[in-house]
Amino acid sequence: MIGLISALTVGLLLLIALVVFALRQGSTARDFHSISEFPGDLRHSGEIEVCPPELVARIFSREDWELISQTHSPALERLFLEERKKVALLWVRQTSRGIQQVMRNHADAAKQAADIRFRTELSLFLMYIELLLICETLLLLITTVGPPRLERIASYVHELSRQISYAHEAFARSSAGAATEIPTSP
Amino acid sequence: MLDQFIWWGSIAIETLLLVRGQQSRLVSRYPAFYFYIFFVLSQSFLRLYVYHWKPSFYRYTYWSTEFVSILVGCGVVFEIFRVGLRAYPGASRMARNSLILLFLVALVVGVAIAANDPRWWAQTTVTQIQRTMRTVQALSLFALVLLFLHYSIPFGRNLRGILFGYGLFVAGSVIWLTFAYTGGGRFRNFWFYLYPFLYDISLLVWIGHLWGYRPNPQTQESAQFERQYERIADATKRRLQEARSYLDRAIDR
């Protein structure tokens, strides 16, 4: 039989989900009229505005930091770290917003696709959750340890976000392609 | 006095719900929901009759009607799924698969627990069985709500009310069944008033949302889409299969 803690957790989770659902319903109703008739309409394909890889590498690069360190100027080091942190935080937030936008557009298209694949949807969703968690972790780490120490994880996030973007583009193009093949009059 | 007020309050709101449902023809749109309300109303009178005329059968009647009411409630969950996702075949398929997966997991866990402890049936109380059933119901509702959120499914006022009211009631029942029989008799009165009170709140949510017919936002546009969709179904299927390979390639990279 299901334990007390599990039952309580499920009950509370359902309550929270219902409250979020009630709050989100208003905004969904407002957005509804902008939803396209065809799944995967390219007007809604939504791309992540990814920075060039060189720029991402540069934000988290240790090279500039090592150069500044050689000046032995605490004021300059502090200024550099503060500025670099702002740029890095802005990049992570933009990436996170882009990922969320891509997933929203994907969900809008996918919910009308009769031949949706459970496993593909699930894997995309897990990848999406993974990316959001990485973004949140990055935000925390940038705030606490600073960008120069985060080079590898940032490159990983960058690569994953590009993969999601490509996947969604492919989905949107193929669905829109199918729609254009259909005669417009009966 | 308070329990009488709560009890008669429920009867009055249930009757009003059924009358309004009949007048606004909502009964034909949400038959499972109105059958549930009708069942709960009937069971109240049945329990009242047994309580006064056959008190020795009351306990048996109470628990057996509770179990049937959970099963009838599953019809409400199915109706929320059916009506809410009617215009969204993709989201509907996701919901169906998620629910099947969920029930399979619940079944496997249940069988595993039963296999480990052969005496579980003798030791398990009626409350524990009821809590388990309500928890599985709460889990399915939770999975559905997550899907509605993920796919931004717009709900009409009527369906939103049914989901919100029934969800509140099920979540409240799970929490109530967790606490009511634990912690001694200290908060017993509180928990025993809370359960029917929670149901009254759900009834008020329903009466507020189901006073008249309000269509789901997708109904009109989806009708147009469905007509086009029938013609595009074959072509879309082929393209979606291509999209799957793109997706798999992209993910496996």
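The values are calculated or read from the model by the stated rules, or taken from the named source; none is laboratory data. Please read all numbers here as calculations on a predicted model, not as lab measurements. Please note: Cβ atoms are built from the backbone with ideal geometry, for glycine as well, and neighbour counts cover all protein chains shown.
Quick notes on this structure:
- For region A:1-15, a residue qualifies if it is modelled with pLDDT of 55 or more and either at the interface with chain B (Cβ under 9 Å from one of its Cβ atoms) or more than 20 Å from residue B:139 (Cα to Cα) (or both), and the qualifying residues are A:2, A:4, A:5, A:6, A:7, A:8, A:10, A:11, A:12, A:13, A:14, A:15.
- The residue that is surrounded by the fewest Cβ atoms within 10 Å (Cβ to Cβ), counting only those in region B:140-165 that are in contact with a Gly (Cβ under 7 Å, 6 or more places away or on another chain) and more than 8 Å from chain A (Cβ to nearest Cβ), is B:161.
- Any chance residue B:78 is under 14 Å from residue B:139 (Cα atoms), assigned by TED's automatic domain parsing to the domain that holds residue B:38, without any contact (Cβ under 8 Å) to a residue 40 or more places away in the chain and part of a helix (DSSP H, G or I): no
- Residue satisfying all of: in region A:111-140; more than 13 Å from the chain's Cα centre (by Cα) and among the acidic types (Asp, Glu); farthest from residue A:98 (Cα to Cα) among these: A:115
- Checked against (1) part of a helix (DSSP H, G or I); (2) closer than 30 Å to residue B:27 by Cα; (3) touching a residue at least 40 places away in the same chain (Cβ under 8 Å); (4) out of contact with any Lys or Arg (no Cβ under 9 Å at 6 or more places or on another chain), residue B:83 passes all but condition (4).
- Subset of region B:107-139 [at the interface with another protein chain (Cβ under 10 Å from one of its Cβ atoms) and within 17 Å of the chain's Cα centre (by Cα)]: B:131, B:132, B:133, B:134, B:135, B:136, B:137, B:138, B:139
- Scan of region B:77-119 for residues that are over 19 Å from residue B:149 (Cα atoms) and either polar (S, T, N, Q) or in contact with a Phe, Trp or Tyr (Cβ under 6 Å, 6 or more places away or on another chain) (or both), ordered by number: B:114, B:116
- Test: residue B:236 is facing chain A (nearest Cβ under 7 Å), at pLDDT below 65 and assigned to a helix (DSSP H, G or I): yes
- Listed by first and then second residue, the pairs with beta-carbon distance under 7 Å, at least 6 apart or on different chains, first residue in region A:87-107 and surrounded by fewer than 22 Cβ atoms within 10 Å (Cβ to Cβ), second among the charged types (D, E, K, R), are A:94/A:49; A:98/A:49.
- Single unsatisfied condition, residue B:25 versus (1) on the phi > 0 side of the Ramachandran plot; (2) surrounded by 16 or more Cβ atoms within 10 Å (Cβ to Cβ): (2)
- Test: residue in region B:114-127 that is at pLDDT below 90 and in contact with a Leu (Cβ under 7 Å, 6 or more places away or on another chain): yes
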